[in-house]
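Heads up: the structure comes next, in structure tokens.
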Amino acid sequence: MKGKHDQMIKSEIVIDQHYKDFSPMQFGSETCDPGHFFGPSVRTHWLLHYIVYGFGRFERDGISYSVKPGDIFVIPPYEKIYYEADQKKPWRYIWIGFTTDQSVPEQLLKPIIHCPSAGKIFEEMLQCEKMENGRTAFLCAKLWEFFSILLDNAKSDTDYVQKAINCINAEYINGITIRQVADRLNINRSYLSDLFKKRMGISPQKYLIQLRLEKAAELLTVYGQSPSTAGISVGYPDLYHFSKIFKKHFGVSPREYQKLCTSFSSLFLLFCCLFPSPSA
């Protein structure tokens with residue numbers, strides 16, 4: 001269940017009082033050894049881990065996520081999870097566990113939340129170690145402060161999508177990747193993909209591919225560029241890879257597509273000459 005870990009671990013149990021809405025159960029921090037892991041396991045309560053520094057991997061519902069500083073990985077009750085510290089740069093995290101009979105903020109339904117501004121709140125939670133009384137009230141206040149940040153951040157989700165679109169439209173020619181787009185926006189790649197698909201109906205990766213191929217088709221037909229030049233101009237320097245992905249999208253190779261469009265244009269012009277439209 002638990003992998004090897006060092007002695008830099010602090011954990012506290014909260015038992016002084018019960019609150020109806022949210023009841024903190026435990027909190028603590030841990031500085032992990034390389035490769036330290038936990039799971040596969042199932043929890044009976046909510047558990048949030050804020051990454052202070054270092055890296056690791058989190059699995060939920062069979063999907064693996066890379067986790068970096070400023071991320072929070074979310075463990076809901078009764079879902080199978082697994083997490084493991086990076087071998088080279090293991091993480092330090094702060095966690096809090098709680099139960100609730102209320103609906104949680106929608107953002108907590110996501111496996112990963114990128115929220116660097118929550119770091120101060122999680123650090124302040126550790127002040128409970130010095131408290132003899134009032135721990136639950138203090139932690140509840142910190143949880144609500146954190147939830148408030150999540151709700152504020154939700155308002156900016158639309159901005160993230162628009163900024164991602166602007167970045168892709170401006171940089172597709174330079175071979176930009178979706179991970180690089182997410183890094184520029186300082187958010188988790190998986191989180192960006194979820195936001196993008198929810199608003200646009202397609203993933204950012206598919207949007208990027210479609211944009212490149214549509215621009216390539218325009219270069220081939222309108223401007224008469226060669227497949228090699230068209231591919232390089234839209235971010236595909238490898239002609240073989242460009243031809244393969246182009247054919248998958250359009251059903252024919254770039255060269256065949258160019259010939260078909262040229263032939264169609266010629267036939268259309270001939271038709272217009274033979275059957276001119278009547279004058280008004």
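Whether a residue is without any contact (Cβ under 8 Å) to a residue 40 or more places away in the chain and small (Gly, Ala, Ser) was assessed, and Ser233 does not pass this test.
Can you find a residue that is surrounded by fewer than 14 Cβ atoms within 10 Å (Cβ to Cβ), modelled with pLDDT of 90 or more and assigned by TED's automatic domain parsing to the domain that holds Ser243 anywhere in segment 183-193? No - not one qualifying residue is present in segment 183-193. Under the condition of being within 30 Å of the chain's Cα centre (by Cα) and assigned to a helix (DSSP H, G or I), which residue from segment 219-238 is surrounded by the most Cβ atoms within 10 Å (Cβ to Cβ)? Out of the qualifying residues, it is Gly231. Residues in segment 146-159 that are surrounded by 15 or more Cβ atoms within 10 Å (Cβ to Cβ) and either under 18 Å from Pro24 (Cβ atoms) or at pLDDT 85 or above (or both): Phe146, Phe147, Ile149, Leu150.
For segment 80-89, the criterion of being part of a loop (DSSP other than H, G, I, E, B), at pLDDT 95 or above and buried (at least 21 other Cβ atoms within 10 Å of the Cβ) is met by no residue. Condition first: surrounded by fewer than 18 Cβ atoms within 10 Å (Cβ to Cβ), modelled with pLDDT under 90 and of a type in the set (Lys, Arg). Now tell me which residues in segment 111-142 satisfy that. If the condition is that a residue be surrounded by fewer than 18 Cβ atoms within 10 Å (Cβ to Cβ), modelled with pLDDT under 90 and of a type in the set (Lys, Arg), then Lys130 is the only one that fits. For the subset of segment 90-110 comprising residues that are part of a strand (DSSP E or B) and in contact with a Ser or Thr (Cβ under 9 Å, 6 or more places away or on another chain), which member is surrounded by the most Cβ atoms within 10 Å (Cβ to Cβ)? Filtering segment 90-110 for residues that are part of a strand (DSSP E or B) and in contact with a Ser or Thr (Cβ under 9 Å, 6 or more places away or on another chain), the one surrounded by the most Cβ atoms within 10 Å (Cβ to Cβ) comes out as Tyr93. Restricting to segment 40-64, and then to whatever is farther than 20 Å from Phe98 by Cα and in a loop (DSSP other than H, G, I, E, B), can you tell me which residue is farthest from the chain's Cα centre (by Cα)? The extreme case among them is Gly54. Apart from one condition, Pro276 fits all of (1) at pLDDT 85 or above; (2) surrounded by fewer than 14 Cβ atoms within 10 Å (Cβ to Cβ); the exception is (1).
The values are calculated or read from the model by the stated rules, or taken from the named source; none is laboratory data. These numbers come from a predicted model, not from an experiment. Methodologically, a virtual Cβ is constructed for each residue, glycine included, from the backbone with ideal geometry; neighbour enumeration extends over all protein chains shown.
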